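Report on one structure; see the data block that follows.
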Amino acid sequence: MSLFESLYRDGAAMIVLASLLIWLYLFFAHGRFWQSAPQLPAAAPPECPDVDIVVPARDEAHIIGEVIGSLLAQDYGGRFRVILVDDSSSDGTAALAGTAANLTVISLQSKPAEWSGKLWALSQGVAAGRSPLLLLTDADIVHDPRHLSSLVAKLLESQAQMVSEMVRLNCTSLAERALVPAFVYFFQMLYPFRRVNDPRSSVAAAAGGTVLIRREALQRIGGIDAIKNSLIDDVALAKAVKKCGAIFLGHSALAASIRRYPTFADIWHMISRTAFTQLRHSAALLALTLIALTVVWLVPAAAILFGHRRQFFFGLAAFTLAGVSYLPTLARYRRSFLWTLALPLIALFYMAATAGSAVNHWLGQGARWKSRAYGSG
């Protein structure tokens, strides 16, 4: 073996070893993110404060009736009101929401330029109520009748300022089966729930589909106005609230999203809408992120396929840790353990969508969602 070949193999072995060391840290010291926990159980609160349920909606005519119906059917011991904020829909969303004594519908015709559409709608819904608790929920979430009670029970029991849940996402099409569990898994990796729920940790995150927050806590941070131009509004809200008190983030078995992503292109657009925003529109952070993800996800697979001796065994160990860490999330979505073998390809898809998000930003195109442009340059 020539000196060059020896140096090449030693260098390759060091890179694979670095991947293994990263996975040892992620698996054993990164907040046990892979456990896919905690999950809120059904529970009844010791007391039942009034709740305003705010639902921002834009062009959701095909699902809004089911969503509002599930909210009006909440088995809650206190008073609650559903406030649907129709954000300039063009498909008759407001008319299809139905009518009820505790349902208020607000129709918006425009929004200020400095606001994101969802947050402007949320701010108007929040302003329309006076209850001490606010449930902010998306227009694609269907709720079990016990859901509101369980959220309030957790908020009061933990004395938290905010309780948020990652609801169960739709997982029926091939694209969803391949990519949705990984979306939840990567979110857990980025924001380990155990650290989010630790008041001593600076890690803060929320899942925007279900957020129960004390009105006084929202007022303390300056209201929705404080995050009015955020595209990743749930994380921005969590970071602001955690500076003033404890927050909780868990998984939900009592709420599910009925929004569908039938094709891989649909999920690509969902990711690219905010991926480069997450990196603060920094080319340097993008490059570092792609390099890091290559070492974490692609290097172990390459070492197994093409490596020799140490490279192979280091790669196999790293790949095994990655696969084992994915199993609890696959179990939550009732997917086969064989999907662990596709993790490098799944990660490559997410990496490509992130790079695509950056390209869109640099071209001044941005992503589009509900006939609005996001993240353009």
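The values are calculated or read from the model by the stated rules, or taken from the named source; none is laboratory data. Source: prediction; values computed, not measured. In this analysis, Cβ positions are derived from the backbone assuming ideal geometry, glycine residues included, and neighbour counts consider all displayed protein chains.
Would the stretch 235-247 turn up any residue that is of a type in the set (D, E, K, R) and either buried (at least 17 other Cβ atoms within 10 Å of the Cβ) or under 15 Å from the mean Cα position of the chain (by Cα) (or both)?
Scanning the stretch 235-247, I find at least one residue that is of a type in the set (D, E, K, R) and either buried (at least 17 other Cβ atoms within 10 Å of the Cβ) or under 15 Å from the mean Cα position of the chain (by Cα) (or both), so the answer is yes.
Scan the stretch 365-376 and give yes if some residue there is closer than 21 Å to Pro192 by Cα and either outside the structural domain of Ala253 (by TED's automatic domain parsing) or at pLDDT 95 or above (or both), otherwise no. I'd like the intermediate steps shown before the answer.
Here is the first cut: in the stretch 365-376, the ones closer than 21 Å to Pro192 by Cα are none.
No: zero hits.
Just to be sure before I move on: is Thr93 assigned to a loop (DSSP other than H, G, I, E, B), in contact with a strand residue (DSSP E or B) (Cβ under 6 Å, 6 or more places away or on another chain) and either polar (S, T, N, Q) or surrounded by fewer than 20 Cβ atoms within 10 Å (Cβ to Cβ) (or both) in the structure I sent?
On the way: assigned to a loop (DSSP other than H, G, I, E, B): yes; in contact with a strand residue (DSSP E or B) (Cβ under 6 Å, 6 or more places away or on another chain): yes; either polar (S, T, N, Q) or surrounded by fewer than 20 Cβ atoms within 10 Å (Cβ to Cβ) (or both): yes.
Yes.
Does Val324 fit the bill of being outside the structural domain of Ala256 (by TED's automatic domain parsing), touching a residue at least 12 places away in the same chain (Cβ under 8 Å), part of a helix (DSSP H, G or I) and buried (at least 18 other Cβ atoms within 10 Å of the Cβ)?
Here the answer is no, as Val324 does not meet what is asked.
Under 7 Å between Cβ atoms, at least 6 apart or on separate chains: pull out the pairs that start in the stretch 271-294 with a residue that is in contact (Cβ under 8 Å) with a residue 12 or more places away in the chain and end on any residue that is among the aromatic types (Phe, Trp, Tyr) and outside any helix (DSSP H, G or I).
Arg273/Trp369; Arg273/Tyr374
Quick check: is even one residue across the stretch 240-259 without any contact (Cβ under 8 Å) to a residue 24 or more places away in the chain and in a helix (DSSP H, G or I)? Give the derivation first.
Applying the first criterion (without any contact (Cβ under 8 Å) to a residue 24 or more places away in the chain) to the stretch 240-259 yields 240, 243.
Checking which are in a helix (DSSP H, G or I) leaves us with 240.
Among the residues of the stretch 240-259, at least one is without any contact (Cβ under 8 Å) to a residue 24 or more places away in the chain and in a helix (DSSP H, G or I), which makes the answer yes.
Identify, by number, the condition in (1) surrounded by fewer than 18 Cβ atoms within 10 Å (Cβ to Cβ); (2) farther than 26 Å from Ile53 by Cβ; (3) of a type in the set (Lys, Arg) that Arg220 doesn't meet.
Failed condition: (2).
Can you find, within the stretch 217-239, the residue that is farthest from Gly129 (Cα to Cα) among those that are in contact with an Asp or Glu (Cβ under 7 Å, 6 or more places away or on another chain) and assigned to a loop (DSSP other than H, G, I, E, B)?
Asn229
Could you run through the stretch 106-138 and say how many residues are within 24 Å of the chain's Cα centre (by Cα), hydrophobic (A, V, I, L, M, F, W, C) and at pLDDT below 95?
Residues flagged as within 24 Å of the chain's Cα centre (by Cα), hydrophobic (A, V, I, L, M, F, W, C) and at pLDDT below 95 within the stretch 106-138 amount to 4.
Which of the residues belonging to the stretch 55-77 are assigned to a loop (DSSP other than H, G, I, E, B), under 21 Å from the mean Cα position of the chain (by Cα) and among the aliphatic types (A, V, I, L, M)?
Ile63
For the stretch 149-162, check the following and say yes or no: at least one residue is in a loop (DSSP other than H, G, I, E, B), surrounded by fewer than 24 Cβ atoms within 10 Å (Cβ to Cβ) and either under 23 Å from the mean Cα position of the chain (by Cα) or of a type in the set (Ser, Thr, Tyr) (or both). So that I can check it myself, show each step before the final result.
Filtering the stretch 149-162 down to residues in a loop (DSSP other than H, G, I, E, B) leaves 159-161.
Checking the rest, the ones that are also surrounded by fewer than 24 Cβ atoms within 10 Å (Cβ to Cβ) come to 159-161.
Filter once more, so that each one left must be either under 23 Å from the mean Cα position of the chain (by Cα) or of a type in the set (Ser, Thr, Tyr) (or both): 160-161.
Yes.
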